[in-house]
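Single-structure report; data block below.
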Amino acid sequence: MSLVELKIEERKIGMLSFVEYIWLDGAKPTQNLRSKTRVLDFQNKRPVLSDLPVWSYDGSSTYQASGSFSDLILKPVHLTNDPIRGEGHYLVLCEVFSPDGSALETNNRAKLREEMQQSPSNEEAWMGFEQEYTLYDSEGKLPFRWPSKGEPPKQGPYYCSVGVDRAWGRNLVEAHAGACVMANLAFYGINAEVMPAQWEFQIGYRGISNESVDPLSISDHLWLARWMLMRIGEEMGISINWTCKPMEGDWNGAGLHTNFSTQAMRNTDSGWEAIGSLLNALSQNHDAHIAEYGAGLDKRLTGLHETCGISEFKAGEHDRGASIRIPAHVTKERCGYIEDRRPGANADPYRISTRILKTLHEIK
Ligand code: ADP
Ligand code: MN
Ligand code: MN
Ligand code: MN
């Protein structure tokens, strides 16, 4: 299905725009996306953030407030094109505040903003997330195209595969990739994963100059991309499963590998030393990181299926069974980035980013 076909209808509504306000609820242990729509008049001009009004919603219906004082405030923080409704329409990610102006406890973006205030100006942190996820049937019961009895042929042929017998659900994956690029997200690429109906997209640094790839921008991009995947899935009767070990047995889990670098790590002269001291700090904070890296991680970090056991910390040069992998070209050039392979597919990029920056900032 092309993106043009995906547009529900051509919205010829004069100068008015549809704006989808998107936010995170208070579900535990994993927050879910919520959104609602507002029609606004931008006089046919492209709006900037400050053109968007704050809005409110009923927090008692999102596990964020009790009945009597339930109004919560949506503050627009990241605006993009809406490739689904088409030109002149927008998506806006929002932070959630109480009416008294304080950030809600569930507002992890605010905590990341706070940590980033501790960043020296020459830190220049860059992020890149690899989001693995599993396509499911419309009721969320079974992975897409899995038989209702038994299992598909064992894993091996599916990773980076081509062909209708092994790459299951590419229509959705392609439509989503197109939508993310049209929404100006720092979309890096896609691949089919090891388990059938499991896929990956990456968002982050991609070598394009003048792009913001700081932890806050890239985390925002990831949440917007997740929303679009679920939204386009509606059109195709496919749901998205974000759990980190959807199928027990000899099936790979789903992670959110997190690639990270600072200016010092990327610099030829200081790179190897800066990478070494970050790895040392990460090794001393393993449990604190695991606590921020998603729900049900013990099911995925078993030491099998390209993971390191949950209670062990191992940094390895081009080792896919390590907690942290140092890519081969980084070892060779003695500068670059590291890959934290621990976060699960359902992890919150704001919480991952905050924890990595905290550990970085604690280095003496
Ligand atoms: P893998 O080999 O682990 O499957 P991918 O090719 O899927 O890796 O993804 C690479 C990721 O690394 C992307 O998210 C990209 O944005 C990120 N990345 C590349 N260079 C850097 C860098 N210098 N700093 C931070 N992230 C980076
Ligand atoms: Mn990858
Ligand atoms: Mn992968
Ligand atoms: Mn990876």
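If amide H atoms are built 1.01 Å from N in the plane of the peptide, which residues on other chains or at least 5 residues away come under 5 Å of the amide H of residue 144?
Here 135, 136, 137 satisfy the definition.
Calculated from DSSP H runs of 4 or more alone, at -39500 (n - 2.57) each and per residue, what is the 222 nm mean residue ellipticity of the chain, nearest 500?
Roughly -7500 deg cm²/dmol at 222 nm, from the helical runs in the chain.
Name the residues of the range 238-267 whose amide N is less than 12 Å from a point 7 angstrom out from the Cα of residue 154 along the C-beta direction?
Label zone hits: 250-251.
Just how much of residue 333 is accessible, in Å², when a 1.4 Å probe is used and the result is rounded to the nearest 10?
Counting only protein heavy atoms, the figure is 100 Å².
Check cross-link reach from residue 332 to the lysines: straight Cα distance under 22 Å, and skip same-chain residues fewer than eight apart.
314
For the residue pair residue 283 and residue 170, what label-to-label distance in nm results when each label sits 7 Å from Cα along the Cα-to-beta-carbon direction?
Between residue 283 and residue 170, the simple spin-label model gives 4.4 nm.
Name the most mobile residue of 99, 153, 246, meaning the one with the largest mean-square fluctuation, in a Gaussian network model of the chain with Cα contacts below 10 Å.
153
If a/c stays under 1.5 just call it rounded; otherwise compare a/b with b/c (prolate if a/b is bigger, oblate if not). Do that for the range 74-161, with a ≥ b ≥ c from the square roots of the Cα gyration tensor eigenvalues.
It is prolate, given that a/c is not under 1.5 and a/b is the larger ratio.
Below 8 Å between Cα atoms, with a sequence gap of 6+, how large is the relative contact order for the chain in percent?
With pairs under 8 Å counted, the relative contact order is 16 percent.
Computed from the mean reciprocal separation of all distinct C-alpha pairs, what Kirkwood hydrodynamic radius does the range 294-364 have, in Å?
For the range 294-364, inverting the mean 1/r across all distinct Cα pairs yields 13.1 Å.
What does the accessible area of residue 94 come to, in Å² to the nearest 10, when a probe of 1.4 Å is used?
10
If a/c stays under 1.5 just call it rounded; otherwise compare a/b with b/c (prolate if a/b is bigger, oblate if not). Do that for the range 3-100, with a ≥ b ≥ c from the square roots of the Cα gyration tensor eigenvalues.
prolate
Of all DSSP beta bridges in the range 255-364, what percent run antiparallel (nearest 5)?
Roughly 65 percent of the beta bridges in the range 255-364 run antiparallel, per DSSP.
In whole Å, what is the distance between the alpha-carbon centres of the range 340-364 and the range 25-65?
Cα centroid of the range 340-364 versus Cα centroid of the range 25-65: 26 Å apart.
Under a 1.4 Å probe, what is the accessible area of the range 113-174 per residue, stated in Å²?
Ligands and nucleic acids excluded, the result is 61 Å² per residue.
Determine which lysines satisfy two conditions relative to residue 75: a Cα distance under 26 Å, and not lying fewer than 8 residues away in the same chain.
Candidates past the 8-residue exclusion: 28, 36, 45, 111, 358.
In whole Å and largest first, what semi-axes does the C-alpha gyration tensor of the chain yield when each eigenvalue is scaled by 5 and square-rooted?
32, 27, 20
How much accessible area per residue does the range 3-100 have, in Å², with a 1.4 Å probe?
Accessible area per residue, the range 3-100: 53 Å².
Could you provide, to the nearest whole Å², the per residue accessible area of the range 255-364 with probe 1.4 Å?
Result: 42 Å² of accessible area for each residue.
Counting only protein heavy atoms and using a 1.4 Å probe, what share of the accessible area of the chain belongs to carbon plus sulfur, as a whole percent?
On the chain, the fraction of accessible area on carbon and sulfur atoms equals 50 percent.
Can you list the lysines whose alpha carbon is less than 16 Å from that of residue 149, not counting same-chain residues fewer than 8 positions off?
Within reach: 141.
The values are calculated or read from the model by the stated rules, or taken from the named source; none is laboratory data. Keep in mind that this is a model prediction, so the values were computed, not measured. Quick reminder, even Gly has a Cβ in these numbers, built from the backbone with ideal geometry, and neighbours come from all protein chains shown. Accessible surface is based on the protein model in full, side chains and every heavy atom, while ligands, DNA and RNA are left aside. Shrake-Rupley method; radii C 1.70, N 1.55, O 1.52, S 1.80 Å.
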